[in-house]
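The values are calculated or read from the model by the stated rules, or taken from the named source; none is laboratory data. No experiment lies behind these values; they were computed from the predicted model shown. Neighbour counts are summed over all protein chains in view; Cβ atoms, including those assigned to glycine, are modelled from backbone coordinates with ideal geometry.
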């Protein structure tokens, strides 16, 4: 799972004073939804495909009010997701390397997520 939790904005909002009316929290929530969609799309593109079950199980669960999002496979539908990510032994004891597709997605999307939040804050402060 990829988890995003936005922190430190309460202090920023206090420092902005009157400008930090309802626009900033609304902008942050909107940016969280937008960045979650961006990460989920990238994740689906990075997911190894055999039967498409793993990719089809991937979801973004967003709690806008808490500024939290969790993006990744639903392990009740694809319980083997962790083995695809980290690797595993087969029944014959040979090793299958992990694909690290969640980790790659996290690294690949970091700058884009930061940019989405910067743009949202700039727009809200204007």
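Worth a mention:
- Flag if residue 77 is free of Cβ contacts under 8 Å to residues at least 40 places away in the same chain, under 20 Å from residue 1 (Cα atoms) and under 12 Å from the mean Cα position of the chain (by Cα): no
- For the condition part of a helix (DSSP H, G or I), at pLDDT below 90 and closer than 19 Å to residue 126 by Cα, residue 18 qualifies.
- Output for the stretch 1-12, where each listed residue is surrounded by 15 or more Cβ atoms within 10 Å (Cβ to Cβ) and at pLDDT below 75: 6, 9
- In the set (1) more than 16 Å from the chain's Cα centre (by Cα); (2) closer than 30 Å to residue 27 by Cβ; (3) modelled with pLDDT of 95 or more, the condition left unmet by residue 120 is number (3).
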